[in-house]
Every structure is written in C-alpha cells, then in structure tokens.
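Below: the structure, in structure tokens.
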Ligand code: KIV
Ligand code: ZN
C-alpha cells in the first residue's frame, strides 16, 4: 500500500522572493506550463495583492492551466482575499491560500495582535475564502516557533471555517527533523477534526535542513509538501522539489509514498527555472547539479562501467539528464541542434530555435566544437531576446 503525497509548488511565489529572481508575466506563464507538464498538484502562481503585475501573471496562469490547481496567496483580510480570488477565479481548479502568523514573536512585534485577535482573523478570513471556493488552504506563518496548543486551536478553527489544507511552515528554517516530526504528530493528534483536512509542510533552508524536515514531517503524517524547483526562495531558499520527490521515489522501500511528478521532466524544468531567473544551480546540487551524476575517481568510474548501481542510486535518465553527449559543430543542422537542446532540457519554439540556430552557426564558425556551456549561453541570450 502506498500513500499519496501532494506536491504544492511555490517556485512562482516563494521562489520568486529569492533576491534577483523576479519574473515577468510571460516568464511566469512559460514556467507554469512546464510545471503542469512536470505534474505538480498545486501551483502557487503568486501573491495577487502584491502588485498589478503579479495579479496579471496569476490571472493569465489561471486561465491557461487545465489540470493543476492554481493558488493565489493572500493575507488573512478581505481585501487580499478578494484580490487573490479575482486573479484565480477563472482557473479550472482555483485555490485561495490565506495566511497569518501565529508565533508570539510575530504577534507582538509584527502584527501587534493578541492570540484571540489572530484566532478571529483566521476564522473570518477562512470563512470568507470558503464562501468563494471549496479549495481553501490556511497557513500558520512561523508555525514551527508557535505554541503547539495555540496552533492546534487555530488549525481547528480554520477547519471549522472551511479550510481543507492546513499548512505548517518552518518559516525561518529553524526546525530540526526529529523535533519537526514530533510537532507534526502532536498537531495531527490534537487538532480538532484533523481527519477532515490534509496537513501540509513548508520548510525553509536556513540550516540546510528543509528537505530533511519535509521528509521527517511526511513520515510523521503530513501529506502535502510545499517546494520549489532548485530550492530557490526567500533567503537560503525553500525545500527543493527534486530532492523530496526523488528521495520518496528512491527510498520506496523505507517510505512507501508516491507523488504525481513525471520525474523525467525534473531536469528540463530545473534548467528552465535557472535560465529564466538567472539563478545558477551549484554544480554539486543534489539531483540537478552539473556534477550530480559525474564520477571523477578512477575506482568509481570503474565501478560505474561495470554496473552503474555501484555508485548511482538513481538513473540519470529518470530525472531527464541525458548522459549521451553528442558534439555539435559547424556542420550540424537545425534538427540535430533541436534534439540536442531537448536533451539538455530546452524545448524551444520555432521562433526561438531560429534565433538560437543563427547564433549557434556564428559561434561554430569560430570554434571547432560547440560545448554545452556555449549552448547554455546562446539559448539564454536567444530566448531572452525572443521573449522581450
Ligand atoms: O514561509 C512562510 O511561512 C510562507 C507562508 C506565506 C506560507 O511562505
Ligand atoms: Zn515561505
């Protein structure tokens, strides 16, 4: 028997909060289409009350996607909820994701509200959101540093008001796996009517523990993971989608859970995020880094040649990494270029290919071999020029 873990992708919202990662509507739409292809269950498209541009991007995504839930983030007040609903309402599966902080430090210094006031704001916000759609998620910001019993009270009130997903964020990346798992078990056991909702977790990576905390929470009963591609996000980032999904897939024997992710689209999606945001993936990044499947030591190379499983716990093809490198040069044609780029994770439109092909020929005239690094540069420049 396997359990389903829902993947809530927030690359376009929390991921966009990475310094320097802001995206325009066209770039967001392009990524949203790729994320749907990847198979995420929910896509948080943005924070519509934050700006006109984000409202517009979220609305375009909502109208375009057909299979994926499209969520808009909003604070727990009517104005924000109206903006979020205005942006997502045309989606096939629109979702409102409303949040308020629950830790004493946030209440005292940021919100200047009492616990009772936060409880009332939660009930009012969720009830109002639930009057607009059945798909309502409530997040307790800074949940991991909140008083556990207050958290359970807030979650119970959110369920009663109509939330179907309750999200427990480790907003500042403070939790430790064993502690976070224990908190998840406590919340699941003490929140009234918890059986009516799914518990979600949303971890930040300030101590490098976001993936570990997410997996610990899943083993303790959480069934939704909030993640971003390449782990981009506020400060040190969010839990990375590829790590959680591949950990679950690779360790089925220990954690028999499935996701709806089509893993062969992971690497192409990672490339696209990196290209659009300009945030480079560190070479040793798990799953999607340039060295993730490279073997340098002679003993390792020998082992891999005899049987890849000696040093590889997953096949590169499983995540869409192609190890069969073909060298391109000035005699290579458009078709070879397109298929090579596809193997690298770039699926270009005809117009983009035209721009990229012209530039490729210019580079090939000057260099004997055009390497993947050259192509990355050409594609990035070419696509950005076509989307401008
Ligand atoms: O980190 C956080 O607490 C958030 C919430 C808005 C879910 O991003
Ligand atoms: Zn966050």
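Read-outs throughout are calculated quantities, based only on the coordinates presented, and are distinct from any laboratory measurement. Here the structure is a predicted model, which means the values were calculated and not measured. Neighbour counts run over all protein chains shown; Cβ positions are idealised from the backbone, glycine included.
Here the gap between residue 369 and residue 179, fully extended at 0.36 nm per residue and compared with their Cα-Cα distance, gives a gain of 63.1 nm.
At the listed q of 0.07, 0.11 Å⁻¹, the Debye profile of the chain, built from one uniform point per Cα, gives log10 I(q)/I(0) equal to -0.34, -0.79. Please report the spacing between the Cα centers of segment 148-170 and segment 84-124 in Å, no decimals. First find each Cα centre; the distance between them is then 11 Å.
Three principal axis extents describe the C-alpha atoms of segment 1-55; from largest down they are 45, 19, 18 Å. Spacing of the modelled spin labels on residue 307 and residue 127, each 7 Å from Cα toward Cβ, amounts to 6.4 nm. Relative to the longest principal axis of the Cα atoms of the chain, helix 177-190 runs at roughly 40 degrees.
Only helices enter this figure: runs of n ≥ 4 DSSP H residues, each worth -39500 (n - 2.57), summed and divided by the residues of the chain, yield -14000 deg cm²/dmol at 222 nm to the nearest 500. Ordering 304, 118, 172, 245 by the number of other Cβ atoms within 10 Å of each residue's own Cβ, fewest first, gives 304, 172, 118, 245. Given the options 277, 114, 102, which has the most mean-square fluctuation in a GNM of the chain, springs set between C-alpha atoms less than 10 angstrom apart? Most flexible of the set in this elastic network: 114.
For q values of 0.10 Å⁻¹, compute log₁₀ I(q)/I(0) with the Debye formula on a Cα-only model of segment 246-388, without solvent. Results for segment 246-388 at q = 0.10 Å⁻¹ read -0.41. Taking segment 91-114 and a reference point 7 angstrom along Cα→Cβ of residue 196, the backbone N atoms nearer than 18 Å belong to 96, 98. Short-range pairs are left out: with C-alpha atoms under 8 Å and at least six residues apart, the relative contact order of segment 33-190 is 17 percent. Average 1/r across all pairs of distinct alpha carbons in segment 44-189, invert it, and you get the Kirkwood radius: 15.5 Å.
Remind me, relative contact order of segment 184-230 in percent, using alpha carbon pairs under 8 angstrom and six or more residues apart?
RCO, segment 184-230: 45 percent.
Relative to the longest principal axis of the Cα atoms of the chain, the long axis of helix 78-88 makes an angle of roughly 40 degrees.
Applying 1/(1 + (r/R0)^6) with R0 = 22 Å to the Cβ-Cβ distance of residue 149 and residue 105, what FRET efficiency is obtained, to the nearest 0.05? That gives a FRET efficiency of 0.85. Across 366, 93, 196, mean-square fluctuation computed from a Gaussian network of the chain (C-alpha pairs under 10 Å connected) peaks at 366.
Listed from fewest to most Cβ neighbours within 10 Å, the set 183, 309 follows the order 309, 183.
Here the Gaussian network model covers the chain, with springs between Cα atoms less than 10 Å apart; of 75, 145, 338, 338 fluctuates the most. Normalised by the number of residues in the chain, the average gap of Cα pairs under 8 Å and 6 or more apart makes the relative contact order 14 percent. Relative protection proxy for 60-66, 297-303, 151-157, 40-46, from highest mean packing down: 40-46, 151-157, 60-66, 297-303 (other beta-carbon atoms within 10 angstrom). From the P(r) of segment 35-109, can you give the percent of Cα pairs sitting at distances over 19 Å? Roughly 35 percent, rounded to a whole number.
In the chain, the longest principal axis of the Cα atoms and the axis of helix 115-132 are about 60 degrees apart.
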